[in-house]
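Colleague: To start, I am sharing the structure in question, which I have written as structure tokens.
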Amino acid sequence: MTRFWNDLKKYYKYEVRAAKSELKTEVANSYLNWIWWVLDPLFTMMIYYLIFGVVFKAKEEYFTTFLFIGQTMWAFFNKNVVQSVRMIKRNKSIVARVYIPKFVLLVSNMMINGFKMAISWVIVVIMMIATKVPLSSHLICFIPILLVMVLVTFAVSINLMHFGVFIEDLGNVINIAMKLLLYMTGIFYSIETRLGPDHPLIAKIILHGNPMALLITDMRNVVLYDKAPHWIWLLIWTVISLIFSIIGIKTIYKNENTYAKVI
Amino acid sequence: MSNNTDVIKKTETDNSNNKSLSEEIAIEVKDLWIGYKDIQAYSIKKSLLKLKKAHVEEFQAVRGVSYTVRRGEILGIIGKNGSGKSTMLKALAGIFCADKGSIDLKGNSVSLLSIGVGFQKEITGRENILLSGMLLGFSEEEIREKMPDIIEFAELGKFIDKPVKTYSSGMYSKLAFSITAVLQTEIMLIDEVLSVGDAKFKKKSYRKMKELISNKDRTVVIVSHNEQTLLELCDRVMWMHDGEIKRIGDPKEVLEEYAEFMK
């Protein structure tokens, strides 16, 4: 693990620079440039709003902001996880030619998605002001919840990055799994109020067993509804994620030099 | 050309007067085995259709090779295609792992000379120098310090602040070459001596390569098919055949024998 911290420090500047270059490349390639970073989450939210707000008449309070928070957090998790599967192969030109700790690629990618998420959070703030959401006294919990989410994402991604090298069609499996998980995470409905009254057990299982459901629910509680987060479960998922992160980092270090042979 | 060889030889003899310097070992390879087995990627679909375990092709690229390279020495490696030369070089660079045996670089910094690693087409030449340099393991300060030399050597003029995608292929390789030529490590691994660009730059880059290689503190391992280059540059030549060392020693003798063998 000390090796991990040293490498993280040593390659930190490279990670930032690589992430910046990637973002610049994205901007340079499209006509609307960085506007897409705003438009993309906005349109996704509008689609959800049309279907779940208008057609299904969702009754969640501050529904647009409610949706947008879920969408913002899900997008970060989903993008990182899906991209991690092909991370090594996508960077073949680097991996096959120089030595680089492989998690560096992952961290750099998380920075890119993190930057896009930050833009989404700015929009959330604007929406909260526009819809006159009262200031929550638990707002400070925003930071720990976000940190846990980053940790959960890292733990899942780093393990998938390893298996993605050896299992060619893992990407397909993950795509399907993520679709299922999307509906089980409650992006467009509240697990507590929709599932809670009729199926308390299922609601509990989803809320506690799916870290993203827990994180998104807690984030909404903290930001919109002035309710405290589930501290114990956040702590449990922090510990689980830490364990899987360490396992992932160790596996990656152990196998890093075989990757170049496989791809 | 032959003058230059004499110069190298002379520095060698100068070194040997100073015993502590010439006997210092820079690379020590012991009983190195590198294979490509059991590490092929598989797909879930395939393994479902074929329940029987697929036949794994076992292939040993390097079989029990041992040798040492002294500090300041230039070792050439020759051999027919598929004899394990490039695999060995990649193992020295830390890109491949050894299945058995060990490689000890005595704490020297090492780089496999490869041009244009991590280049991003949409960002400027200047930014690419930083990106590529950091990937090669240099710190931002070191690169910034050497930046003027790189830019001067690449002869790109004001194009250095334009996106790399606007470069001609010649300019691209000039920039890529300059980065690797100016940012140097203690041990350099070279897969085919590079000379890029137009006739004038080719000469200049070849001269630069030679200058780099002949530096008496720099340990160099060159893989090449060009017998003339090896004869000109190397202190010793190693002939690899089917993953084993067939001969190692004086360039002239080994190369003559090799030429005889290849007839």
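Residue by residue, here is whether (1) within 14 Å of chain A (Cβ to nearest Cβ); (2) under 30 Å from residue A:16 (Cα atoms); (3) part of a loop (DSSP other than H, G, I, E, B); (4) modelled with pLDDT of 70 or more holds:
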| position | (1), (2), (3), (4) |
| --- | --- |
| B:52 | no, no, yes, no |
| B:55 | no, no, yes, no |
| B:58 | yes, no, yes, no |
| B:67 | no, no, no, yes |
| B:80 | no, no, yes, yes |
| B:119 | yes, yes, yes, yes |
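Colleague: To continue, here is another question. For region B:123-148, how many residues are out of contact with any helix residue (DSSP H, G or I) (no Cβ under 7 Å at 6 or more places or on another chain) and either within 12 Å of another protein chain (Cβ to nearest Cβ) or among the hydrophobic types (A, V, I, L, M, F, W, C) (or both)?
Modeller: First, pick out the residues of region B:123-148 that are out of contact with any helix residue (DSSP H, G or I) (no Cβ under 7 Å at 6 or more places or on another chain): B:136-139, B:141-142, B:144-145, B:148.
The next check asks that each one be either within 12 Å of another protein chain (Cβ to nearest Cβ) or among the hydrophobic types (A, V, I, L, M, F, W, C) (or both); those that pass are B:136-139, B:141-142, B:144.
Residues in region B:123-148 being out of contact with any helix residue (DSSP H, G or I) (no Cβ under 7 Å at 6 or more places or on another chain) and either within 12 Å of another protein chain (Cβ to nearest Cβ) or among the hydrophobic types (A, V, I, L, M, F, W, C) (or both): 7 in total.
Colleague: Identify all residues within region B:227-263 that are exposed (fewer than 14 other Cβ atoms within 10 Å of the Cβ) and either touching a helix residue (DSSP H, G or I) at 6+ places or on another chain (Cβ under 7 Å) or not in a strand (DSSP E or B) (or both); write none if there are none.
Modeller: Start the filter on region B:227-263 by keeping residues that are exposed (fewer than 14 other Cβ atoms within 10 Å of the Cβ), which leaves B:228, B:249-250, B:252-253, B:256, B:259-263.
The answer is B:228, B:250, B:252, B:253, B:256, B:259, B:260, B:261, B:262, B:263.
One line per residue, one yes/no per condition, for (1) modelled with pLDDT under 85; (2) within 22 Å of the chain's Cα centre (by Cα):
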site	(1), (2)
A:11	no, no
A:18	no, yes
A:23	no, yes
A:34	yes, yes
A:39	no, yes
A:43	no, yes
A:53	yes, no
A:56	yes, no
A:65	no, yes
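Colleague: Let me ask something additional. Return only the number of the condition from (1) within 14 Å of the chain's Cα centre (by Cα); (2) under 30 Å from residue B:64 (Cβ atoms) that residue B:184 does not satisfy.
Modeller: The number of the failed condition is (2).
Colleague: Being among the β-branched types (Val, Ile, Thr), away from every other protein chain (no Cβ under 14 Å), in contact with a Gly (Cβ under 9 Å, 6 or more places away or on another chain) and in contact (Cβ under 8 Å) with a residue 12 or more places away in the chain is the requirement here; does residue B:151 meet it? Show your work before the answer.
Modeller: Numbers: among the β-branched types (Val, Ile, Thr): yes; away from every other protein chain (no Cβ under 14 Å): yes; in contact with a Gly (Cβ under 9 Å, 6 or more places away or on another chain): yes; in contact (Cβ under 8 Å) with a residue 12 or more places away in the chain: yes.
The answer is yes for residue B:151.
Each row is one residue, and each column tells you yes or no for (1) touching a strand residue (DSSP E or B) at 6+ places or on another chain (Cβ under 6 Å); (2) within 28 Å of residue B:137 (Cβ to Cβ).
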{"residue": "B:186", "(1), (2)": "no, yes"}
{"residue": "B:216", "(1), (2)": "no, yes"}
{"residue": "B:219", "(1), (2)": "yes, yes"}
{"residue": "B:228", "(1), (2)": "no, no"}
{"residue": "B:239", "(1), (2)": "yes, no"}
{"residue": "B:247", "(1), (2)": "yes, no"}
{"residue": "B:253", "(1), (2)": "no, no"}
{"residue": "B:259", "(1), (2)": "no, no"}
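The values are calculated or read from the model by the stated rules, or taken from the named source; none is laboratory data. What you see is a predicted model, and the numbers here were worked out from it, not measured in a lab. A quick note on method: Cβ atoms are made from the backbone with ideal geometry, for glycine too, and the neighbour counts reach across all protein chains shown.
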